[in-house]
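Worksheet: the structure to be examined is printed underneath.
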Amino acid sequence: AQAEAQAEKGHKAEAAGTLRRAHKLDPAFVPVAERLAALYIERGHKRGARAVIEATWKLNPHKDLVPLWEQLVPSAKASDVSAKLRWF
C-alpha cells in the first residue's frame, strides 16, 4: 500500500525501493512481485522484471505472473509461435 501511494504521487523510484524491500522479505508473495515486475517493465527495466518473476515463480508459480512474463518475450520470438512457446 505504501508503494502504491508513492507511485500515485509520482515517486516511482521510491515505490520501486519499497517494493524491492517487500519482495526481499517474502519473495513468494505474488502481489508484491507482480507490482514490482510491472513497475520495472513500465520503467524499461526488463532484466529486473525477469529476475523478480523468475524468483517468485520458483517459490510460488502463480497464474498472475504469466501476463507479465508474456510482456518480456523478446521481439524476435514474439511472432514465431514455436519460439514463443519455448520462451514460456
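The values are calculated or read from the model by the stated rules, or taken from the named source; none is laboratory data. Keep in mind that this is a model prediction, so the values were computed, not measured. Positions of Cβ are backbone-derived with ideal geometry, glycine not excepted, and every protein chain shown enters the neighbour counts. When the accessible area is computed, the model is the full protein with side chains, heavy atoms only, and any ligands, DNA or RNA have been set aside. Shrake-Rupley method; radii C 1.70, N 1.55, O 1.52, S 1.80 Å.
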Simple Cβ-charge dipole of the chain, Lys/Arg +1 and Asp/Glu -1, about Cα centre, in debye nearest 20: 320
Rounded accessible area of PHE88 (nearest 10 Å², 1.4 Å probe): 110
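Once fully extended, how much extra length lies between SER79 and LYS58, figured as 0.36 nm per residue of separation less the alpha-carbon to alpha-carbon distance?
So the chain would gain 4.9 nm between SER79 and LYS58.
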Pair ARG86, ALA1: separation of 7 Å Cα→Cβ label points (nm): 4.7
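What do you reckon, how do SER82, SER75 stack up by accessible area (1.4 Å probe), largest on top?
Final ranking, largest accessible area leading: SER75, SER82.
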Solvent-accessible surface (1.4 angstrom probe) belonging to ARG50, in square angstrom, nearest 10: 100
Å² per residue, accessible surface of the chain at 1.4 Å: 66
Max mean-square fluctuation residue, GNM over the chain, Cα-Cα springs under 10 Å, options LEU25, LEU39, LEU65: LEU25
